[in-house]
Every structure is written in C-alpha cells, then in structure tokens.
C-alpha cells in the first residue's frame with residue numbers, strides 16, 4: 001500500500017494552521033476564531049504560478065466534472081430510495097399497526113413545519129414565471145437541485161423505517177447542493193447595480209420560502225437523537241455542521257455584507273439631483289426577510305449548535321456594523337455638508353438600522369426561554385470586544401482595550417437610566433457625549449438596544465423585557 005507524501009506547500013499550510021490554532025482563546029469557538037482571523041488578514045488576489053493559468057482552469061474543470069458526477073450518482077440513489085418507498089406504500093404488510101405507530105412518532109420528531117409538496121411546486125412555477133429569471137445561467141441548477149431535495153425528503157417522510165447513515169449523508173449533500181444553487185441566484189441580486197427591476201423583490205421572497213423549506217426539512221433528520229436524556233438538546237453531527245457552514249458562508253455572510261451597498265445604491269438613485277424616470281426597488285426588506293427565514297428555523301428547537309451559530313453570525317454582523325462608521329476626521333461639520341455628504345449620512349443611518357435589526361434576530365430568546373448562560377456558555381470575548389469598540393467609536397474615541405467592555409456598557413446603561421453629568425462641551429449638540437459626525441442619537445439607541453439584547457440573552461442581565 002502506497003503512502004501519501006505531503007508536498008512543501010501542504011506542509012506550509014499545516015504549519016500555519018497549527019500555529020494559528022495554538023493561539024486560539026480557550027473560550028472562543030473555532031468558527032468564530034476563523035471569522036476573526038479573516039477580518040484581520042483579508043485574502044489577496046490569487047495569482048496563477050503559470051503565465052497562462054492553464055493548470056488552474058484544468059483544476060476547476062476537474063472539480064466541476066466531479067461535482068456533476070456526484071450529482072448524477074446522488075440522483076440515482078434518490079430514485080432507488082423513492083422507488084423502495086413507493087413499493088412499500090403500495091403493498092402494506094398484514095401487520096400494519098407497528099408501521100403506523102412508527103410513522104406517527106416520526107412526524108412528532110419533526111418539530112419544524114415544512115410546506116406541502118404542492119405548495120413547493122407552486123413556488124417553483126411562480127419563480128420560473130418571473131421575468132429575467134429564466135435567463136440566469138444557474139436557474140436550471142436551482143430547479144433540479146430543489147426537485148431532487150423534495151423527492152428525497154418525501155421518500156424519507158413516507159418510509160416507516162428509521163433513516164440510515166447513508167441516507168442522512170445523501171440528504172446532507174443534496175441540501176448543500178440546493179443551498180449553493182440558491183446562493184448562486186442570490187449573489188447577482190445582492191451585487192446588481194440595477195435597482196429598477198421589481199422581479200428581483202419577488203425572486204427574493206421566493207428564495208426566502210425555499211431556504212425556509214430546505215432548513216426545516218433537513219435539520220430534523222441530521223440532528224442526532226440524545227440517547228440518555230431526551231430533554232437535553234440534540235448533539236450536532238458532522239453532516240449538519242457541513243450544512244451550517246454552507247448556510248453561514250453562502251447565505252448569512254453575503255446578506256450581512258450587502259446592507260450597506262444596497263442602502264448606498266438605493267438612496268443615491270432615489271435622491272439623485274435629477275429625479276429618476278423609474279423609481280428604484282428597495283430590496284433591503286426582502287433581503288432581511290430572507291435572513292430571518294433562514295435563521296429562525298435553526299434556533300426554533302433546542303440544539304447544541306445554537307450558541308456557536310449565533311456567535312459566529314453575530315461577529316460578522318458586528319464587523320459590518322463597525323465598517324459603517326466613517327474613519328475619524330473624514331466627515332465635515334454639518335454646515336459644510338454637501339448633497340453627497342447628506343446622502344452618505346442617510347446610508348449610514350439605514351445600514352445601522354438593518355444591521356442592528358439582524359443582531360436583534362440573532363440574539364432573540366432561545367427556545368423555551370433558555371439563555372446562553374443556562375446552556376453552559378459564556379460571553380463570547382470577540383462579541384464583547386466588538387461592542388466595546390463600537391461604543392468607543394460612538395463617543396469619538398479609538399483607544400482603550402476590550403477588558404473594560406462590560407464596565408463601559410454598564411456605565412452607559414446607568415447614565416441612560418439616571419441623570420447624567422456628561423460633559424458635552426466638545427460635541428455638537430449631541431447628548432451622551434456622542435461624536436455627531438459619526439452617529440446620531442437614534443442610531444446610538446439602536447446600538448444600545450443590541451447591547452441590552454445581548455446581555456439578556458447571555459444571562460448577564462436578569463428581568464423581563
């Protein structure tokens with residue numbers, strides 16, 4: 001048997017990964033640590049070692065061929081499972097009472113509601129009828145992958161037998177393929193400079209229905225059942241981790257990164273010096289609804305991945321929230337503001353609102369009213385540090401360390417509850433010592449609301465809302 005010999009490039013990658021892992025804080029999840037490292041070390045543009053880059057094109061072609069072959073193999077497996085399920089339903093055994101009990105018990109385990117097959121077919125037909133959608137090169141991939149997913153989940157739901165490891169692996173790969181196809185439709189909409197197409201809003205609404213169906217139909221099968229205590233959250237399998245990674249990287253990250261560009265394009269077109277002939281379509285509400293549709297089912301049932309999932313998504317949202325602030329000293333005073341400066345201020349205010357709303361969704365109370373502290377989790381240091389930096393930026397200060405984050409937030413809460421003697425002589429008629437060139441009082445209140453939501457979710461603050 002031949003042994004594998006690692007190349008120098010592989011050894012270098014392994015050494016870098018082990019070195020980075022060595023300095024990971026003990027109380028920080030790996031996913032959150034990776035997101036933090038990516039923010040510190042943005043990737044550079046890839047350069048091909050060869051002048052023509054032929055090796056890269058060949059490698060990409062091989063990857064595509066492999067993915068197509070895997071999709072065909074999975075499709076054949078789905079046909080076999082569907083045929084077996086159909087034959088079992090057409091010829092029921094004489095002792096049919098035990099299978100009926102198993103079917104009933106299986107439906108109870110699926111606590112997440114999923115739309116009926118007819119409803120999903122109607123959704124796909126409506127999506128296919130939208131203008132400009134059929135012209136997308138990835139539309140066929142979405143239809144085929146979602147149809148395969150629906151065929152597999154219908155067969156698993158109608159089967160009286162427990163799902164096997166091979167079936168769960170097939171479901172995981174089918175779900176990931178459908179999510180990637182959906183993300184390929186979503187990405188051009190988020191990056192499109194044409195905001196006068198109403199069909200984009202309808203497409204986003206349909207994608208929200210599809211992603212909700214994909215999550216609610218797949219997660220119950222991929223969650224491991226607790227063996228000893230059924231009241232405990234279900235542990236996470238490696239198959240479910242792959243689905244969650246796809247959701248985070250292909251759905252949640254692009255959505256959170258799109259609120260500022262979408263606000264900029266929409267407001268610039270709406271408030272242009274010359275009135276546009278066709279009013280732009282505001283996609284931000286539909287994008288936020290898509291975020292909620294994908295996230296809410298993941299935390300609607302108790303699970304052991306709840307805390308890490310929230311923390312990972314929150315770090316991305318807080319990073320984008322920090323990026324909304326202008327660099328210190330780059331904003332002119334109010335009496336020198338031009339039309340462009342005023343539009344940029346409105347863009348920041350809208351971006352604040354959407355990012356804070358997304359964080360409110362992320363830090364919503366867990367199922368059964370449990371908090372992160374009750375689940376054995378502690379405050380994520382990265383989240384506390386980010387909130388501390390945002391609070392200091394609101395006050396026009398960029399110095400300080402994250403060690404005083406909790407004290408700073410508590411002091412701010414006390415200042416808002418009672419009479420405060422904050423010196424605002426250096427500010428421009430803004431209470432609480434805010435930097436008026438960076439944020440207004442309304443946006444500052446949104447950020448404080450996010451902080452309060454976070455502290456209550458972690459269990460650091462008691463009491464009801």
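The values are calculated or read from the model by the stated rules, or taken from the named source; none is laboratory data. Fair warning: this is a prediction, and the values are worked out from it, not measured in the lab. Every residue, glycine as well, gets a Cβ built from its backbone with ideal geometry; the counts of neighbours run over all protein chains shown.
Key figures
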{"read-out": "Any chance residue 217 is at pLDDT 85 or above and over 15 Å from the mean Cα position of the chain (by Cα)", "value": "yes"}
{"read-out": "Unique residue being touching a helix residue (DSSP H, G or I) at 6+ places or on another chain (Cβ under 9 Å), under 23 Å from residue 298 (Cα atoms), at pLDDT below 90 and crowded, with 20+ Cβ neighbours inside 10 Å when the list is 127, 120", "value": "120"}
{"read-out": "Segment 1-56: number of residues that are in a loop (DSSP other than H, G, I, E, B) and at pLDDT below 80", "value": "20"}
{"read-out": "Of all residues making up segment 159-172, the number that are outside any loop (DSSP other than H, G, I, E, B) and surrounded by fewer than 20 Cβ atoms within 10 Å (Cβ to Cβ)", "value": "5"}
{"read-out": "The listed residue being part of a helix (DSSP H, G or I), modelled with pLDDT under 90 and not assigned by TED's automatic domain parsing to the domain that holds residue 154, out of 262, 298", "value": "298"}
{"read-out": "Verdict on residue 290 being surrounded by 19 or more Cβ atoms within 10 Å (Cβ to Cβ) and touching a helix residue (DSSP H, G or I) at 6+ places or on another chain (Cβ under 6 Å)", "value": "yes"}
